[in-house]
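Novice: Quick one: this structure, given as structure tokens, is what I'll be asking you about.
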Amino acid sequence: MLKIRLNGCGDFMEWRDAARVLLMCNVSPADVVWESGSSVESGLGFGESELPVPSPTAASPSVPPAFLDLAQTVICHSDPDRFALLYRLLWRIRSERHLIGIVSDPDVIAARKLEKSVRRDSHKMKAFVRFKEVPSRDPMERRRAFFAWFEPDHHIVARMAPFFKRRFFDMDWVIATPKGSAAWDGEELTVSDEPAEKPEIRDDADELWRIYYANIFNPARLKVKAMTAEMPKKYWKNLPEADLIPDLIANAEAKVREMAERAASQPPAFHQRLQDRMAAGGMEEPSFPEGTLEALRQDARHCTRCELHCRATQTVFGEGSQSARVMFVGEQPGDQEDLAGRPFVGPAGKVFDTVVNEVGLDRKEFYVTNAVKHFKYEPRGKRRIHQKPNQGEIQACRWWLTKEVELIKPSLVVAMGATAYYALTDHKEKLQDVRGIPIAMSSGCTLFVTVHPSYLLRIPDEARKAAELEKFKSDMASVRRLMERQ
Ligand code: URA
């Protein structure tokens, strides 16, 4: 009996080199015992054999690509029997070339099961790695540094490291796990299989995740089983937002009732409001000096430039000081903004406020407005579902936006989303082609384009969501740098 010892931390090459020699020496799977580093540590270790030496005339085995794909994934599983299973498959493939395609074969079934579990673990790693900012080692602080702790079931750190490098290329990061670590410093990706220990680090980003999660949670759609399948409980302890979940579930029913009651009172239609005001004794309003933002705001209250005024509760004009240096432009007010009469006070506004605060800015310093000043929606039952404004509506409302820019004369304008970009420039490039690049405008101000915060609220995939949130944060950090340069 040959006893082959491997490190067993998901390194495919290590197993492949040993398996190739065994195959060339015609060693049957029944005559090999595989042992991994982790089984030695758990006290199951035993003496190790030297690998036999193949005859110089022995042919190197050729393996179908389907087996290679499967084996590279299965090797990451933490099951100590995976080496033996893979060697058995390899041995059998010599005489059963199409073995991997036989879905009813017990060895293939066992390997597919391990493969599925590794893929699932990898997907969860993409979704649930939460980076926390740590002090940068770069004295010039050109790159920000992040740390994440994650607890995978399998040896997937090396397999997943290139994914995180691609996605978080612009920042320095370390992902530490009990099954090894990966680190990226802008030049080199290093991976180690040394187990790490969980450090205690908190940062402000935790609050961002909590706000984000509370806002995307829809109690009316709550299905506890599906939710815990998507976000298994074992990951909760490392997710800053997870401590909200029990309360959100417990209060879901009451929240749905409250939403239904709130939604039952639809805002009065435009004509009804007009009549109510007349009946209440006329339409007298304070007057403001010509050419001021207040006078413009007053005029905008009676805007009928497009049909959207008919069904919206009120005009939602921009908010902020006339002397603001920076102007943020969104798309159009949402349901909550329409009722409150103020821009960015609903879920998208909460994400906006939090990210802006996180990069050290304060919304009070800005003028915040929208490309379109009335809420466009489609009634569905008792709810009002947001609808994108069309080109005509954006053009009609551009009149107000242009006046706001003329009066405020900001040195930096930030367009959040394609509607804002179109309203400000009349251009329709793809957002990714203009995002993050300061653009000099003919008026002398700088335009900076990013995504709309409600785009972040709509991303269903947890991993993409995490990456996009980071990118938005990095855009806001660029806005801050541009502000400091103005
Ligand atoms: N989305 C916007 O574009 N503006 C708001 O004010 C709210 C949501």
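Novice: I'd like the FRET efficiency for ARG92 and MET227, computed as 1/(1 + (r/R0)^6) with the beta carbon distance as r and R0 of 35 Å, rounded to 0.05.
Specialist: Working from the Cβ atoms, E equals 0.25.
Novice: Once R0 is set to 25 Å, what does the formula 1/(1 + (r/R0)^6) return for the Cβ-Cβ distance between MET13 and THR190, expressed as a FRET efficiency to the nearest 0.05?
Specialist: The calculated FRET efficiency here is 0.90.
Novice: Between LYS409 and ASN390, what is the label-to-label distance in nm when each label sits 7 Å out along the Cα-to-Cβ direction?
Specialist: In this crude spin-label approximation the distance works out to 3.9 nm.
Novice: Trypsin sites (Lys or Arg not before Pro) within segment 195-239: which are DSSP loop residues with at most 12 other Cβ atoms inside 10 Å?
Specialist: ARG202, LYS223
Novice: Name the longest site-free stretch of the chain, where the excluded sites are chymotrypsin sites (Phe, Trp or Tyr not before Pro) in a DSSP loop with no more than 16 other beta-carbon atoms within 10 Å.
Specialist: Counting only loop sites that pass the neighbour cut-off, the longest clear stretch is 170-486.
Novice: Roughly how tilted is helix 347-358, in degrees to the nearest 10 and between 0 and 90, from the longest Cα axis of the chain?
Specialist: Helix 347-358 sits roughly 70 degrees off the main axis of the chain.
Novice: What's the extension gain from GLU197 to ARG119 if we count 0.36 nm per residue and subtract their Cα-Cα distance?
Specialist: Difference between extended and current length: 25.7 nm.
Novice: For segment 324-398, what does the alpha-carbon gyration tensor say about shape, rounded, prolate or oblate, given a ≥ b ≥ c as the root eigenvalues, a/c under 1.5 as rounded, and a/b over b/c as prolate?
Specialist: Oblate is the answer for segment 324-398, as a/c is 1.5 or above yet b/c matches or exceeds a/b.
Novice: If contacts are Cα pairs under 8 angstrom and at least 6 residues apart, what is the relative contact order of the chain in percent?
Specialist: On the way: 727 pairs, mean separation 47.6, N = 486.
It comes to 10 percent, rounded to a whole number.
Novice: Could you please tell me the mean projected area of the C-alpha convex hull for segment 269-485, averaged over all directions and given in square nanometres to one decimal?
Specialist: Dividing the Cα hull surface by four gives the mean projection, 12.9 nm².
Novice: Can I ask one more? Compute the signed sum of charges (Lys and Arg +1, Asp and Glu -1) over the other residues within less than 15 Å, Cβ to Cβ, of LEU222.
Specialist: Numbers: positive: ARG221, LYS223, LYS225, LYS255, ARG257; negative: GLU230, ASP247, GLU253, GLU258.
Local charge sum for LEU222: +1.
Novice: Roughly speaking, what is the centre-to-centre gap between segment 55-80 and segment 428-486 when only Cα atoms are used, to the nearest Å?
Specialist: If we compute the Cα centre of each part, the gap is 45 Å.
Novice: Tell me the angle of helix 252-264 to the major Cα principal axis of the chain, expressed in degrees between 0 and 90 and rounded to the nearest ten.
Specialist: Taking the Cα atoms of the chain, the angle to 252-264 is about 30 degrees.
Novice: Report, in cubic angstrom per residue, the convex hull volume of the C-alpha atoms of segment 217-258. Can you show the working numbers first?
Specialist: Numbers: hull volume 2.7 nm³, N = 42.
Convex hull of Cα atoms, per residue: 65 Å³.
Novice: Turning to a different aspect of this structure: In nanometres, what is the gap between the two model label sites at ALA440 and LYS428, each 7 Å from Cα along Cα-to-Cβ?
Specialist: Roughly 2.9 nm, to one decimal.
Novice: Would you please classify the overall shape of segment 410-486 from the alpha carbon gyration tensor, given that a ≥ b ≥ c denote the square roots of the eigenvalues, rounded means a/c under 1.5, and beyond that prolate means a/b larger than b/c while oblate covers the rest?
Specialist: It is oblate, given that a/c is not under 1.5 and a/b is not larger than b/c.
Novice: Assuming R0 = 56 Å, can you tell me the calculated FRET efficiency for the pair GLU253 and ILE109, based on Cβ-Cβ distance, to the nearest 0.05?
Specialist: 0.85
Novice: What shape does the chain take by its C-alpha gyration tensor, where a ≥ b ≥ c are the square roots of the eigenvalues and a/c under 1.5 counts as rounded, a/b above b/c as prolate, and the rest as oblate?
Specialist: On the way: a/c = 2.97, a/b = 2.36, b/c = 1.26.
Because a/c hits 1.5 or more and a/b exceeds b/c, the chain counts as prolate.
Novice: Something else: Residue by residue, what Karplus-based ³J(HN,Hα) values in Hz, rounded to whole numbers, does segment 369-386 have, using 6.51, -1.76 and 1.60 with θ = phi - 60° and x for Gly and Pro?
Specialist: 9, 10, 5, 10, 9, 10, 6, 9, 8, 10, x, 9, x, 9, 9, 10, 9, 3
Novice: How far is helix 205-216 tilted off the main Cα axis of the chain, in degrees rounded to 10, range 0 to 90?
Specialist: Tilt of helix 205-216: around 70 degrees.
Novice: Once all Cα-Cα distances of segment 2-124 are split into 10 Å bins that start at 0, what whole-number percent is in each one?
Specialist: Per 10 Å bin, starting at 0, the Cα pair percentages come out as 13, 44, 34, 8, 0.
Novice: Further question: Scan around VAL32 for amide H atoms under 5 Å from its own, H built in the peptide plane at 1.01 Å from N, and keep only partners 5 or more places away or cross-chain.
Specialist: Residues meeting the criterion, in which the H sits 1.01 Å from N, are LEU2.
Novice: Determine the dipole magnitude for the chain: charges of +1 sit on the beta-carbon of Lys and Arg, -1 on that of Asp and Glu, nothing else is charged, the reference point is the Cα centre, and the result goes in debye to the nearest 20.
Specialist: Rounded to the nearest 20 debye, it is 1340 debye.
Novice: Most exposed first by the Cβ proxy, i.e. fewest other Cβ within 10 Å, how do CYS76, CYS303, CYS310 rank? Each step should come with its number before you reach the end.
Specialist: On the way: CYS76 28, CYS303 18, CYS310 11.
Ranking CYS76, CYS303, CYS310 by Cβ neighbours within 10 Å, fewest first, gives CYS310, CYS303, CYS76.
Novice: Would you kindly derive the ³J(HN,Hα) couplings of segment 114-131 from the backbone phi angles with the Karplus curve 6.51 cos²θ - 1.76 cosθ + 1.60 (θ = phi - 60°), listing them in order in whole Hz, with x for Gly and Pro?
Specialist: 5, 4, 4, 5, 5, 5, 5, 4, 5, 4, 5, 5, 4, 7, 10, 6, 10, 7
Novice: Do any GluC sites (Glu not before Pro) in segment 162-245 lie in a loop, going by DSSP, with at most 14 other beta-carbon atoms within 10 Å of their beta carbon, and if so which?
Specialist: Values: sites: GLU187, GLU188, GLU197, GLU200, GLU207, GLU230, GLU241; in loops: GLU187, GLU188, GLU197, GLU200.
Here the sparse-neighbourhood loop sites are GLU187, GLU188, GLU197, GLU200.
Novice: Name the trypsin sites (Lys or Arg not before Pro) in segment 316-389 that are in a loop by DSSP and that have at most 15 other C-beta atoms within 10 Å, would you?
Specialist: LYS382
Novice: For the pairs LYS364/LYS403; LYS382/LYS465; LYS179/LYS234; LYS124/LYS471, note any where the Cα-Cα span goes beyond 25 Å.
Specialist: Those over the limit are LYS382/LYS465.
Novice: Starting at the first residue of segment 319-332, write each ³J(HN,Hα) from the Karplus equation 6.51 cos²θ - 1.76 cosθ + 1.60 with θ = phi - 60°, in whole Hz, x for Gly and Pro.
Specialist: 3J(HN,Hα) across segment 319-332, in whole Hz: 9, x, 7, 5, 9, 4, 8, 10, 10, 9, 10, x, 8, 7.
Novice: Okay, next question. Would you compute, from DSSP H runs of 4+ residues alone, the mean residue ellipticity of the chain at 222 nm, taking -39500 (n - 2.57) per run and dividing by the full residue count, rounded to the nearest 500?
Specialist: The helix contribution divided over the chain gives -12500 deg cm²/dmol.
Novice: For segment 321-385 and segment 120-190, write down the distance between their C-alpha centroids in whole Å.
Specialist: First find each Cα centre; the distance between them is then 33 Å.
Bear in mind these aren't lab numbers, they're just calculated from the coordinates by the rules spelled out. Just so it is clear, the structure is predicted and the values come from calculations on it, not from any experiment. Neighbour counts run over all protein chains shown; Cβ positions are idealised from the backbone, glycine included.
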